[in-house]
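The values are calculated or read from the model by the stated rules, or taken from the named source; none is laboratory data. Keep in mind that what you see is a predicted model, and the values were worked out from it rather than measured. Heads up, the Cβs are rebuilt from the backbone with ideal geometry, glycines too, and the neighbour counts pull from every protein chain shown. Surface accessibility is based on the protein's heavy atoms, side chains included, excluding ligands, DNA and RNA. Shrake-Rupley method; radii C 1.70, N 1.55, O 1.52, S 1.80 Å.
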Amino acid sequence: MVLDGLRRLEYRGYDSAGVAVLAGQGRLAVERKAGRLSNLEDRLTEVGRDAFAGTAGIGHTRWATHGAPVDRNSHPHRDAANRVAVVHNGIIENFAALRAELEAAGVEFASDTDTETVAHLVARAYDGVDGAEGTAGDLPASMRAVCRRLDGAFTLVVTHVDQPDVIVAARRSSPLVVGIGEGETFVASDVAAFIEHTRDAVELGQDQVVTINRDGYHVTDFRGEDAVSRPFHVDWDLSAAEKGGYEYFMLKEIEEQPEALADTLRGHFNGGRIVLDEQRMSDQDLRDVDKVFVVACGTAYHSGLIAKYAIEHWTRLPVEVELASEFRYRDPVLDRDTLVVAVSQSGETADTLEAVRHAREQKARVLAVCNTNGAQIPRESDAVLYTHAGPEVGVASTKTFLAQIAANYLVGLALAQARGTKYPDEVAREFDELAAMPEQVRRVLGTVEKVRSLGRSLADAKAVLFLGRHVGYPVALEGALKLKELAYMHAEGFAAGELKHGPIALIEEGLPVVVVMPSPKGRAVLHAKLLSNISEIQARGARTIVIAEEGDETVRPFADELVEVPAVPTLLQPLVSTVPLQVLAAEIARARGYDVDKPRNLAKSVTVE
Ligand code: F6R
């Protein structure tokens, strides 16, 4: 059961994996292995799985922060007497001081991790040797006492051989959910881990500790006071968390994009008006906004770059888009009339969370765009608009990117509506155009076979460049990011107009260059300029792969390979032109023999800064 749960969470980290089972007679059975979960499974088969029979167990898959991904740094970590086992997500920032204190007390460490300190601290609290009051023989009290001493972000899960029916878990700024089954209870960092057993869950709040046994759970704060937690029912099932016949989750998720878009838009146009989800902001609040920031990382950041074009055009408000990791350390100009839109699929990304905290400290209002119900970023924001893309397991974001674009556009339309920069019928028209996009994306998906074979033909390329202008520019950046992540190939996205200011020096005979064309009708001037840019690179021997609107005949002579996408309004073009780039990256990566769901060195949730 623990291994099944880990398999569904492996997208969160896959440097190493481990399990600990309370195997009866005061025995803690532990096995850990570097590499993928399958290595651990092979190891368990080798040593005999019978040794791991029990009714309470914990497991972990790791994305290394402290200490290389080798067996001895893998979780669970134990105290010296092998009585306590701990798994941990996040970083314990004061671990060096805690470790020094423990070493001074004669404790020997078996790993390079920050996590191991917790195993020793819990064991010592439980044994009553560290002077903390009321912790001896009490595992929840020991956990609370230790949590009070920790700085940083963490989810911890602890077992003790003396308490074979109990598991204690705690969280601060890192996710933890409880699953309520019949005669069985679960804790995990994501409901996907226990979705085949129960869809009834409870989300823990900040700085809470939960004690579970087979019959239920009890939640307190770090001081031991009873605490309120939020029960919820998961509205997707096991099939959503499984591959459903696809070779990779990512390929399934690319195909799911029409539904992700439709589900994200559903219900947001009601009674002739745009309505957001949990809008704890009034129309007056939206009218007071005098500046918008979009903060996010990676692909979510690219969705923000696209939103800038739409929101500025619709609202006449200045929009700044910033990488969350830079935003907070730059002293941005924020006040109560600034709206900060924090875009995050997971809702857990540490950089984005810190940006949200910084913005709120400066009294700005924060609206989260998030795909994970109740995650930390929406919890700490003033308002939230959920993308309903369903679980995304492939590490590279695909369907959530399209859903983020749609959600960001809803924010723009809500602002335009409240501020009267668009008439109600104009808002309705923009929404209708958005609502027609799932069908257009479906059409693109029907034609990507050609892109697949193109991808295979590019498997040996050394590098690929991506060019675009206007909204095609962030699409080019996203195409390059997908290729880097999945195919480990050098890939760069550029604003096509910048080419002659430097990057054109990279062009050489046969270099594949992907160009995202604007519409010849909607953006005639830009279209003409891009054709000139393509001529410049063609003249220098590049192999041009052009993504262009159906029926755009003028582009043919410029395209060594032409990929056609449906004609759609300019601002919506990223929703169709991104799709072939996702397929291209996946196909090149597969042709090179890589696992597109779990690219090397990456993890789905980046919960450390
Ligand atoms: C790229 C990718 C990452 C994430 C980034 C932000 O394919 O998945 O770049 O977009 O780590 O993650 P979230 O959206 O969860 O905040």
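Some observations on this one:
- Residues in the stretch 139-167 that are closer than 12 Å to Thr211 by Cα and surrounded by fewer than 17 Cβ atoms within 10 Å (Cβ to Cβ): Asp165 alone.
- Residue match in the stretch 405-417 (condition: in the same structural domain as Thr372 (by TED's automatic domain parsing), away from the ligand (no atom under 16 Å from the Cβ), part of a helix (DSSP H, G or I) and open to solvent by 10 Å² or more (accessible area, probe 1.4 Å)): yes
- Selected residue (only one of Ala169, Ala153 is outside the structural domain of Glu392 (by TED's automatic domain parsing), within 19 Å of Leu121 (Cβ to Cβ), touching a residue at least 40 places away in the same chain (Cβ under 8 Å) and out of contact with any Gly (no Cβ under 7 Å at 6 or more places or on another chain)): Ala169
- Scope the stretch 561-609; condition surrounded by 21 or more Cβ atoms within 10 Å (Cβ to Cβ), within 14 Å of the ligand (Cβ to nearest atom) and among the polar types (S, T, N, Q); matching residues: Thr578, Gln582, Ser605, Thr607
- Where a residue in the stretch 581-600 is under 15 Å from Ser453 (Cα atoms) and its partner, wherever it lies, is outside any helix (DSSP H, G or I) and among the polar types (S, T, N, Q), with Cβ under 8 Å and at least six apart: Gln582/Thr398
- Of all residues in the stretch 337-348 being modelled with pLDDT of 95 or more and open to solvent by 10 Å² or more (accessible area, probe 1.4 Å), the one that is nearest to the ligand (Cβ to nearest atom): Gln345
- Criterion applied to Asp226, Asp235, Asp263, Asp215 was being touching a residue at least 40 places away in the same chain (Cβ under 8 Å), open to solvent by 30 Å² or more (accessible area, probe 1.4 Å) and not basic (Lys, Arg), and the one residue passing it is Asp263.
- Subset tally (residues that are in a strand (DSSP E or B) and more than 29 Å from the chain's Cα centre (by Cα)) for the stretch 139-175: 1
- The requirement of being among the basic types (Lys, Arg) and at positive phi is satisfied by Arg316.
- Taken as a whole, the condition of being open to solvent by less than 20 Å² (accessible area, probe 1.4 Å), touching a strand residue (DSSP E or B) at 6+ places or on another chain (Cβ under 7 Å), modelled with pLDDT of 95 or more and farther than 18 Å from Arg523 by Cβ applies to Ile545.
- Residue that is nearest to Lys598 (Cα to Cα), among those in the stretch 477-494 that are open to solvent by 30 Å² or more (accessible area, probe 1.4 Å) and not in a helix (DSSP H, G or I): Tyr488
- Residue list for the stretch 418-455, filter: loosely packed, with under 14 Cβ neighbours inside 10 Å, free of Cβ contacts under 8 Å to residues at least 40 places away in the same chain and of a type outside the set (Gly, Ala, Ser): Tyr423, Asp425, Arg429, Asp432, Glu449
- Odd one out for Thr220, checked against (1) open to solvent by 30 Å² or more (accessible area, probe 1.4 Å); (2) of a type in the set (Ser, Thr, Tyr); (3) touching a strand residue (DSSP E or B) at 6+ places or on another chain (Cβ under 6 Å): (1)
- Of residues in the stretch 274-299 being at pLDDT 95 or above and open to solvent by 10 Å² or more (accessible area, probe 1.4 Å), the one nearest to Gln404 (Cα to Cα): Thr299
- The set of residues in the stretch 310-319 being open to solvent by less than 70 Å² (accessible area, probe 1.4 Å) and of a type outside the set (A, V, I, L, M) consists of Glu312, Trp314, Thr315, Pro318.
- Of all residues in the stretch 35-62, exactly one satisfies the criterion of being open to solvent by 60 Å² or more (accessible area, probe 1.4 Å), under 11 Å from Ala17 (Cβ atoms) and assigned to a loop (DSSP other than H, G, I, E, B), namely Arg36.
- Any hit, the stretch 378-393, residues being surrounded by fewer than 20 Cβ atoms within 10 Å (Cβ to Cβ), in a loop (DSSP other than H, G, I, E, B), without any contact (Cβ under 8 Å) to a residue 40 or more places away in the chain and away from the ligand (no atom under 16 Å from the Cβ): no
- Residue within the stretch 462-476 that is hydrophobic (A, V, I, L, M, F, W, C), within 16 Å of the ligand (Cβ to nearest atom), open to solvent by 30 Å² or more (accessible area, probe 1.4 Å) and assigned to a helix (DSSP H, G or I) present: no
- Qualifying residues in the stretch 356-367 (those that are open to solvent by less than 40 Å² (accessible area, probe 1.4 Å) and touching an Asp or Glu at 6+ places or on another chain (Cβ under 8 Å)) - the one farthest from the ligand (Cβ to nearest atom): Ala364
- Residue satisfying all of: in the stretch 570-609; modelled with pLDDT of 95 or more and charged (D, E, K, R); nearest to Ala310 (Cα to Cα) among these: Glu587
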